[in-house]
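This report concerns only the one structure given below.
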Amino acid sequence: MEPTKELIDALFRERVLRARRTPPEEKLLDGPRLFDLACRIMADGLRDEYPDADEQRIQELLAQRLELLRRLEESA
Amino acid sequence: MTSDQAALAVVEALEALGIPYMLVGSFSSNYYGIGRSTKDADFVAEIGAQSIVQVAERLGPQFRLDPQPSFEMVTMTLRYMIYVVDVPFKIELFRLSDDAHDQERFRRRRRVKLLADREVSIPTAEDVIVTKVRWASLARRSKDSDDARAVIAVQGDRIDWDYVNAWCDRLGCRTALDEIRQSIPPM
């Protein structure tokens, strides 16, 4: 089922109001912190997917996933 | 080293070397808008072949400078890439261009508090909107229009619309700006 416009607008409104309540200097470093968190979660997923891979291999696979995401983003 | 520490190290290097700069891209749109993940830190700086080497030396062995600058196709500016060793996070240092809006947003840049004892230079909210709408219009990247939409919604009536409208008219992206504004629900 597709979300309604009302629901999408309500969610956006909630995010805007939360952002207004957050000190801007905290939000400035949100980008790299969220990226590091996403990388840690992706690396955990890769460790599950490749239980025999050592840490160097996990980091190589992570770099490949990030490159794939970059290409998908650019072609979107 | 974490990605935010890498970005802070570059801020410190530019400040220590007295190189005029501003932190742009998603860092500045996060400041004025809604935070989102980013895999690189973008800087615009008055930088040349000699000063980029000084920056790299000051950053030390945890960073690796690609000595060959590249030409960034969306912004049409010269870009130096700095890689963070062992972290998939990149620093992109764009040389301040002759583009009229690039010059104007650099001239109007402001100092804002970063952490308890630090400050950083970033563009104004209006210049973030103009830049994001311009790129959204040129490169058709949805994340740029999403960022512009978030900054407009979060900043509300604090935005100087005469300034934003005038630049978007001049840069040929006024239609894109108007569409983004119309898509924002009432707060």
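The values are calculated or read from the model by the stated rules, or taken from the named source; none is laboratory data. These numbers were taken from a predicted model, which means no experiment stands behind them. Positions of Cβ are generated from backbone atoms using ideal geometry, with glycine treated the same way; all protein chains shown enter the neighbour counts. Side chains included, ligands, DNA and RNA excluded: accessible areas come from the protein's heavy atoms. Shrake-Rupley method; radii C 1.70, N 1.55, O 1.52, S 1.80 Å.
Some notes on this structure:
- For region A:66-76, a residue qualifies if it is within 12 Å of another protein chain (Cβ to nearest Cβ), open to solvent by less than 90 Å² (accessible area, probe 1.4 Å) and either of a type in the set (A, V, I, L, M) or on the phi > 0 side of the Ramachandran plot (or both), and the qualifying residues are A:Leu66, A:Leu69.
- Taking (1) within 8 Å of chain A (Cβ to nearest Cβ); (2) out of contact with any Pro (no Cβ under 8 Å at 6 or more places or on another chain) in turn, B:Gly18 satisfies each apart from (1).
- Set B:Val44, B:Val112, B:Val55: member being within 14 Å of chain A (Cβ to nearest Cβ) and either open to solvent by less than 30 Å² (accessible area, probe 1.4 Å) or part of a loop (DSSP other than H, G, I, E, B) (or both): B:Val112
- Lone qualifier among A:Glu2, A:Glu26 - being within 22 Å of B:Val24 (Cβ to Cβ) and without any contact (Cβ under 8 Å) to a residue 12 or more places away in the chain: A:Glu26
- Checked against (1) assigned to a strand (DSSP E or B); (2) open to solvent by less than 50 Å² (accessible area, probe 1.4 Å), B:Lys132 passes all but condition (1).
- Evaluated against (1) part of a helix (DSSP H, G or I); (2) within 7 Å of another protein chain (Cβ to nearest Cβ), B:Gln5 falls short on exactly one condition, (2).
- Within the option set B:Val87, B:Val130, B:Val154, being facing chain A (nearest Cβ under 10 Å) and at pLDDT 95 or above holds for one residue only, B:Val154.
- Flag for B:Ser37 being out of contact with any Ser or Thr (no Cβ under 9 Å at 6 or more places or on another chain), open to solvent by 10 Å² or more (accessible area, probe 1.4 Å), free of Cβ contacts under 8 Å to residues at least 60 places away in the same chain and of a type in the set (Ser, Thr, Tyr): no
- Single match in A:Ala10, A:Ala43, A:Ala53, A:Ala63 (criterion: over 26 Å from B:Arg149 (Cα atoms) and over 18 Å from the mean Cα position of the chain (by Cα)): A:Ala53
- Residue match in region A:45-58 (condition: under 19 Å from B:Arg36 (Cβ atoms) and open to solvent by less than 70 Å² (accessible area, probe 1.4 Å)): no
- Output for region A:44-65, where each listed residue is within 10 Å of another protein chain (Cβ to nearest Cβ) and touching a residue at least 12 places away in the same chain (Cβ under 8 Å): A:Gln59, A:Leu62, A:Arg65
- Residue in region B:20-33 that is open to solvent by 20 Å² or more (accessible area, probe 1.4 Å) and farther than 19 Å from A:Lys27 by Cα present: yes
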